[in-house]
Each structure stands twice: as C-alpha cells, then as structure tokens.
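Notes follow once the structure below has been shown.
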Amino acid sequence: MTTTIRIIILISASLFCSDFYAQKETFKVMAWNILHGGNDIENGQQNVVKIVREINPDIILMVETYGSGPYISNELGYNFHLIASKDTALNDKSVNLSVFSKFPFGERIDTDFPFFLGGTEIIVHGTKMNFFSNWFHYLPWNNEPEKMGKTSEELLEWEKTEHRYKMIQRVLPYFKKYGSQSDSIPIIVGGDMNSPSHLDWNKKTKKIHNDLVVPWYATKIFEDLGFSDSFREKNPNPLKKPGITWDNKTRNDSHRIDYIFYKGGGIKAIESESYMTFFNEPLKINDKEILYPSDHGIVVTKFKIR
C-alpha cells in the first residue's frame with residue numbers, strides 16, 4: 001500500500017468518524033397539534049405518520065393526541081408516553097398530550113393538570129433531559145388584536161380576562177421548578193400556546209400591528225424564566241420569517257402560536273423550521289404532497305448537546 005493511499009484512507013476514516021460523532025451530538029424535536037387525533041380527514045392518522053416520517057424528528061411533543069398515539073408510535077417505531085395517570089389506556093380518546101421518542105424514557109413527570117401540561121425524562125445520547133408537552137387555552141382570542149382599539153397595556157389586561165392566564169398560573173410552578181434544574185438537566189417545552197409571541201410584536205414589527213408593541217404574557221413568561229424561543233432564536237427577523245402556525249383563508253388570522261422553548265447550558269438550538277398549510281390541503285415536503293390533517297402548523301428544532 002502506497003503512502004498516498006494510506007493518507008487517503010486515514011482522511012476518509014477521520015471524516016467518517018467526525019460525521020458520526022456530530023450526528024450523535026444532535027437531536028431533532030417536533031411540536032405539533034394534530035387536531036382531534038388527526039381524524040378530521042380521511043386517512044388522517046396515516047397522513048400524520050407520513051408527515052412525521054418525512055420530517056424524521058427524534059422526539060415529538062404532541063397536542064390533541066386523542067387516542068391516536070398507539071397507532072402513530074407503532075407505525076413509526078417510537079417509544080410512546082401518554083400524559084395521563086399510569087392506569088389510563090394508551091388509546092384513551094379523552095387524553096390531550098403525549099410524547100414520542102426514538103430515545104429511551106426515564107422517569108415520568110406527572111403534574112396536577114395533565115390535560116394541559118406533563119412530560120417525561122428522556123435519555124438523549126446518554127444525557128438526561130426533561131421534556132414537556134403543553135397546551136394553553138385559546139381564550140381570550142381575537143383574530144386581529146391590533147384592531148380591537150386597545151393600547152398595549154389594555155391588551156395585556158384583556159389577555160388576563162379568561163382561561164389562558166389562569167391556566168398559566170397553575171402550571172407556572174412546574175416551569176419554575178424544572179427550569180431551575182436546567183443547568184444539570186436541560187428542559188424543553190413544546191406545544192400549542194394559543195397566543196402570539198412578544199418577540200413578534202416588538203418595535204421592529206409595530207408597523208404591521210397598528211403601531212403596537214405588546215409583551216404578550218403567555219410567551220414573555222418563558223423569557224422571564226430564562227427559556228429561549230428556539231424558532232425565533234434561529235430566525236430572529238419576524239418580518240422575513242414569521243413562522244406562522246395558525247391561519248385561515250376566510251379571515252385575516254395569521255399568527256405564530258406553536259412553540260418549542262428550552263433552557264439549559266447543556267444544549268443549544270442550531271436550526272429551527274416551521275411547516276404550515278391549510279387544513280385538508282396538500283403539504284409539500286421532500287418533493288411529496290400529503291393532505292394536511294390539522295389546523296395547526298408544525299415547529300421543528302434541531303439541538304446540539306454541548
């Protein structure tokens with residue numbers, strides 16, 4: 001074997017090992033409200049599976065699971081955790097939240113409010129992390145809050161008038177508790193917050209929001225606790241990359257309301273994308289078209305373990 005061939009072999013082996021270990025240090029998280037278990041269109045569950053397969057996340061934080069979890073996990077080969085009491089049937093159609101993972105689960109993380117928050121430990125490439133799926137109530141809601149005739153301060157008071165604010169107060173202790181542990185155990189929270197983001201209603205975007213800057217509580221509270229909005233971190237300009245996950249053809253109702261937040265020195269977001277099309281219309285992904293079973297878009301963030 002010549003010296004040149006030996007060098008080529010060594011370089012090739014080095015590149016292979018470098019790529020292998022780079023892959024081992026990353027993982028991809030997907031947050032998706034699939035709408036009524038994906039069952040509002042024909043073959044909806046199958047289409048959920050097809051879309052997940054094309055995106056190929058390592059972990060899914062799912063909202064509106066409603067009995068579809070076992071089918072989806074079995075088709076994809078993921079581990080499945082239902083956010084409900086231990087004795088709950090995995091196909092229980094009343095259960096909202098769930099977690100899917102290619103990695104092994106650790107200990108359960110049960111809350112007193114499993115319909116809108118719960119989670120589990122996941123051992124990601126040998127590193128223990130806490131993952132939460134969550135849902136905040138949609139009320140109060142207005143399609144165009146900038147046209148309500150309210151000041152920023154009045155909009156923040158309006159935001160507190162119905163279910164969402166009260167719901168956040170109930171689960172806030174969990175975000176504080178597990179967020180405070182994030183230096184040793186990173187935390188990732190994903191789901192449907194049913195609220196615009198304060199990062200999308202800032203000074204740079206006020207021209208599209210009737211000159212309003214609104215620090216929406218439902219997202220600002222995460223920032224105040226030291227969490228990062230992974231999508232906006234990697235796509236910092238909301239005018240160029242709005243990341244809409246809620247829209248309707250019949251009205252002006254475009255908002256980013258689905259998120260993946262994270263906290264912890266041991267992980268870092270390196271890429272984040274959103275996917276969106278209208279309900280029961282084709283989602284174009286990887287040169288394929290799949291009828292979309294949901295009214296919510298998808299958020300996907302790739303993380304690196306430091």
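Going by the conditions given, is Lys86 in contact with an Asp or Glu (Cβ under 9 Å, 6 or more places away or on another chain) and either surrounded by 15 or more Cβ atoms within 10 Å (Cβ to Cβ) or not charged (D, E, K, R) (or both)? The answer is no for Lys86. Evaluating Gly243 against the criteria (1) more than 23 Å from Lys50 (Cβ to Cβ); (2) assigned to a loop (DSSP other than H, G, I, E, B) leaves one unmet condition, (1).
For the stretch 80-94, what are the residues that are hydrophobic (A, V, I, L, M, F, W, C) and touching a helix residue (DSSP H, G or I) at 6+ places or on another chain (Cβ under 8 Å)? Write out each step before concluding.
Taking the stretch 80-94 first, the residues hydrophobic (A, V, I, L, M, F, W, C) are 80, 82-84, 89-90.
Across the stretch 80-94, the qualifying residues are Phe80, Leu82, Leu90.
Reported count of residues in the stretch 269-306, each being farther than 15 Å from Val52 by Cβ and of a type in the set (Phe, Trp, Tyr), is 3. When the stretch 278-300 is filtered for residues that are more than 16 Å from Lys249 (Cα to Cα) and free of Cβ contacts under 8 Å to residues at least 12 places away in the same chain, the ones remaining, listed by number, are Lys284, Asp287, Glu289. Taken as a whole, the stretch 259-277 holds at least one residue that is free of Cβ contacts under 8 Å to residues at least 40 places away in the same chain, buried (at least 20 other Cβ atoms within 10 Å of the Cβ), of a type in the set (A, V, I, L, M) and part of a loop (DSSP other than H, G, I, E, B). Among the conditions (1) of a type in the set (A, V, I, L, M, F, W, C); (2) without any contact (Cβ under 8 Å) to a residue 60 or more places away in the chain; (3) surrounded by 20 or more Cβ atoms within 10 Å (Cβ to Cβ); (4) closer than 15 Å to Asp192 by Cα, the only one that Ala31 does not satisfy is (2).
Each value in this text was obtained by applying a stated rule to the coordinates, not by laboratory testing. Quick caveat, the model's predicted, so the values are computed rather than measured. Positions of Cβ are generated from backbone atoms using ideal geometry, with glycine treated the same way; all protein chains shown enter the neighbour counts.
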